[in-house]
Amino acid sequence: MSENAIEKVVIIGSGPAGWCAATYAARAQLQPLVYEGAITEENRMAGTLPLGQLALTSEVENYAGFPAGDLGAFLDSALPQERRMMMPPHDGHGVTGPELMELMRQQAVNFGTRVVTDDIVKVDFSSRPFTLVTAGGSEVRAHSVIVATGASANWLGLESETRFKNRGVSACAVCDGALPRFRNKELVVVGGGDSAVEEATYLTKFASRVHLVHRRDELRASKIMAKRALENDKIQIHFDTTLAEVLGDDEQGVTGVRLESTTDVAKTTTLEVAGVFLAIGHTPNTAFLDGQLELNAKKYIIWQKHFRTATNVEGVFAAGDVADDYYRQAISAAGTGCMAALDAERWLAEHD
Ligand code: NAP
């Protein structure tokens, strides 16, 4: 990468979409350059460190190709020692989110992907080649760009919530709900939309009871989903209620919650629970685009053609959660990363 060189394809983001796009682009001889994000306290707090949302989860049981098993020796042989040393030892139960992401990163690097550990903070898509500016202030020019910056789960912002993240507090029931720590225990889900209802219903498979905590007196979820929650004996809905504090200790993680009524400030309730799941929406990481790509009302990038990853700017493609507010799964993100790389390759070939 030299100051004046024009990159064939720059990939912004380092979740499953970014690395899968990089692997395909590298194998197509496009010498992709990935901006994986900066390692800063600000990014840590926002949940936007390199390697995406999966790096914030524990076991990943639903990624195809990774059944439970001891991956210790595989990780030792697949990853360079300097990165392996920075990871916790493998616990033998199956792949974890951070391990899966390291493997995806390494696969892309093995085929010649170059990686810069910095954020892209500004883009100029008004003329080609495109110009991207890093947080460190350097500029890179590119014939094509794949935006794979993902989305970040919304959090309430409570200090106790941050303290117990990954130790009983999660923003993804599908990722974490089946973990042993939640089995046959009472759990809390916060939110009143379709995600909250869906997650609460999903968690009833494992939990003895699910408390759905919603700040208003009616659910936002669609009628049919709301009916399902209201009729489920294992779900207890707490209307007009907010989560005031997550209770727990260093040894056990989450042990309970303190709830507050929104109609009567003096009314607080304490529940003994083993887990807290936030389902209060996601925010796509699109602010840095500064209006240069067409976004939907929820600020997700709009794919312009059915089953294609092209955005409204020719030569700019989007992959993963940044353009998907519906499936939001690692495997679907990886799939669209592959699609974006193939789309970019074809577009570059057509434009010589
Ligand atoms: P959503 O519809 O935006 O709902 C977010 C919920 O969180 C709302 O009930 C909101 O309360 C609550 N909330 C937001 N901020 C809060 C805060 N600071 N404190 C407490 N509560 C807060 O998000 P979603 O449920 O993730 O759904 C996103 C989209 O995906 C929707 O279009 C949904 O229909 C779709 N989806 C569909 C399905 C399905 O069809 N199977 C499943 C999941 C999601 P208020 O109601 O008071 O605003």
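Assorted remarks:
- Hey, Ala200 in a loop (DSSP other than H, G, I, E, B), touching a strand residue (DSSP E or B) at 6+ places or on another chain (Cβ under 6 Å), open to solvent by less than 10 Å² (accessible area, probe 1.4 Å) and more than 9 Å from the ligand (Cβ to nearest atom) or not: no
- Residues (under 25 Å from Pro180 (Cβ atoms) and within 12 Å of the ligand (Cβ to nearest atom)) located in segment 208-228: Leu212, Val213
- Look at segment 283-308: where a residue is under 19 Å from Arg128 (Cβ atoms) and a partner is among the small types (Gly, Ala, Ser) and surrounded by fewer than 20 Cβ atoms within 10 Å (Cβ to Cβ), sitting 6+ places away or on another chain with Cβ atoms under 8 Å, you get Gln292/Ser126; Gln304/Ala310.
- Filter result (of a type outside the set (A, V, I, L, M) and surrounded by 22 or more Cβ atoms within 10 Å (Cβ to Cβ)) within segment 203-233: His211, His214
- Ser208 among the polar types (S, T, N, Q) and assigned by TED's automatic domain parsing to the domain that holds Leu54: no
- Strands (runs of 3 or more DSSP E) wholly inside segment 244-352 containing at least 2 residues that are more than 14 Å from the ligand (Cβ to nearest atom) and under 25 Å from Ala196 (Cβ atoms): 253-261, 268-272
- Failed item in (1) touching a Gly at 6+ places or on another chain (Cβ under 7 Å); (2) touching a residue at least 40 places away in the same chain (Cβ under 8 Å), with Phe111 passing the rest: (1)
- Selection count, segment 167-182, where residues are in contact (Cβ under 8 Å) with a residue 24 or more places away in the chain and either open to solvent by 80 Å² or more (accessible area, probe 1.4 Å) or farther than 19 Å from Glu245 by Cβ (or both): 10
- Residue within segment 129-143 that is closer than 30 Å to Ala244 by Cβ and at pLDDT 95 or above present: no
- Residue match in segment 80-89 (condition: in the same structural domain as Ala26 (by TED's automatic domain parsing) and in contact (Cβ under 8 Å) with a residue 24 or more places away in the chain): yes
- Per-region count, segment 157-188, residues over 13 Å from Tyr202 (Cα atoms), under 17 Å from the mean Cα position of the chain (by Cα) and not hydroxyl-bearing (Ser, Thr, Tyr): 4
- The single residue among Leu54, Leu100, Leu30 that is in a loop (DSSP other than H, G, I, E, B) and surrounded by 17 or more Cβ atoms within 10 Å (Cβ to Cβ) turns out to be Leu30.
- Selection status of Arg84, open to solvent by 30 Å² or more (accessible area, probe 1.4 Å) and more than 28 Å from Val121 (Cα to Cα): yes
The values are calculated or read from the model by the stated rules, or taken from the named source; none is laboratory data. Since the model is a prediction, treat every value here as computed from it, not as a measurement. Cβ sites come from the backbone with ideal geometry, for glycine too, and all protein chains shown count toward neighbours. The protein model used for the area step is the full one, side chains on, heavy atoms only, and it has no ligands, DNA or RNA in it. Shrake-Rupley method; radii C 1.70, N 1.55, O 1.52, S 1.80 Å.
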